[in-house]
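Written below as structure tokens is the structure these notes are about.
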Amino acid sequence: ETGVTQTPRHLVMGMTNKKSLKCEQHLGHNAMYWYKQSAKKPLELMFVYNFKEQTENNSVPSRFSPECPNSSHLFLHLHTLQPEDSALYLCASSQEGSGGHNEQFFGPGTRLTVL
Amino acid sequence: SQKIEQNSEALNIQEGKTATLTCNYTNYSPAYLQWYRQDPGRGPVFLLLIRENEKEKRKERLKVTFDTTLKQSLFHITASQPADSATYLCALGNYGQNFVFGPGTRLSVLP
């Protein structure tokens, strides 16, 4: 266990559905991240929160909406997704944000399928 | 724009041999380079970090080198075991910037 949990582990949704992914870290870290991992492609950084403030939005479509109510919890709200959004969504945390030497701790991911 | 390449999509080696994985980058001058291991259906797990002023870092059977002139990092696993089979990712970072990950190399250690 890495100290980062994600729910649900698997999600199937239609293009008109609204769903949310949840991430929780038990490490006392101050930075949290959302990544997208598609087959045959590198990990893509989506959002970064540092001390609950969003510090990075990597040109992510508005159908993905992040929420960080506190330093331990991170949500990704999903609305009117497309089939190409099907991927593994990974949450990570680190002591501080913005690179440097910060080791990232990843959750197990949510496997999302959009029909 | 910056580009990160990892030597091959897949690498097969015999148990007991040394596995060498390559991470090359262009249009970038990272201050830090990390290596992660990822097993199927799971998130990446941090293995090692090396700084730009360090030539080499070791941890048990793992060794990482960082050559800023060649813009390359080598990741070695000595006395490889089937349990080392996984995808290995390199990630480059700089001061005040988030890490960027490479595409990964899938290593298979054959018994």
To the nearest Å², the heavy-atom accessible area per residue of region A:9-96 with 1.4 Å probe amounts to 49 Å²
Inter-part gap, Cα centre of region B:48-99 to Cα centre of region A:3-61, in whole angstrom, is 25 Å
With DSSP loop assignment and no more than 13 other C-beta atoms within 10 Å, the GluC sites (Glu not before Pro) in region B:49-109 are B:Glu52, B:Glu54, B:Glu60
Any aspartates and glutamates whose Cα falls less than 16 Å from that of B:Lys55, other than same-chain ones fewer than 8 residues away, would be B:Asp67
Here the gain from full extension of B:Leu110 to B:Thr78, 0.36 nm per residue of separation minus their alpha-carbon distance, amounts to 10.1 nm
One finds, for B:Thr68 and A:Arg111 with R0 = 30 angstrom and r their Cβ-Cβ distance, a FRET efficiency to the nearest 0.05 of 0.20
Per the 1/(1 + (r/R0)^6) rule, R0 = 22 Å and r from the Cβ atoms of A:Ser38 and B:Thr20, FRET efficiency to 0.05 is 0.20
Asked for the total accessible area buried by B and A (1.4 Å probe, Å², nearest 100), one would answer 1600 Å²
With every protein chain in place, the accessible area of A:Leu115 for a 1.4 Å probe, in Å² rounded to the nearest 10, comes to 130 Å²
For the table B:Lys17/B:Lys63; A:Lys18/A:Lys52; A:Lys40/B:Lys63; B:Lys3/B:Lys71; A:Lys22/A:Lys52, the rows whose alpha-carbon distance is greater than 19 Å are A:Lys18/A:Lys52; A:Lys40/B:Lys63
Largest fluctuation, B:Ala91, B:Ala31, B:Ala19 only, Gaussian network model of chain B with Cα springs under 10 angstrom, belongs to B:Ala31
Two pseudo-spin positions, 7 Å from Cα along C-beta at A:Arg63 and at A:Thr80, lie apart in nanometres by 0.9 nm
Quick tally, 1.4 Å probe accessible area for A:His26, A:His73, sorted with the most first, runs A:His26, A:His73
Taking R0 as 30 Å and r as the Cβ-Cβ distance between A:Lys52 and B:Glu52, the FRET efficiency 1/(1 + (r/R0)^6), rounded to the nearest 0.05, comes to 0.45
In the neighbourhood of A:Leu74 defined by beta carbon distances under 9 Å, the net charge of the other residues (Lys, Arg +1; Asp, Glu -1) is -1
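The values are calculated or read from the model by the stated rules, or taken from the named source; none is laboratory data. Given the structure is predicted, the values throughout are model-derived calculations rather than measurements. FYI the Cβ positions are ideal-geometry reconstructions off the backbone, even for glycines, and counts take in every protein chain you see. Calculation scope for accessible area: heavy atoms of the full protein, side chains included, ligands and nucleic acids excluded. Shrake-Rupley method; radii C 1.70, N 1.55, O 1.52, S 1.80 Å.
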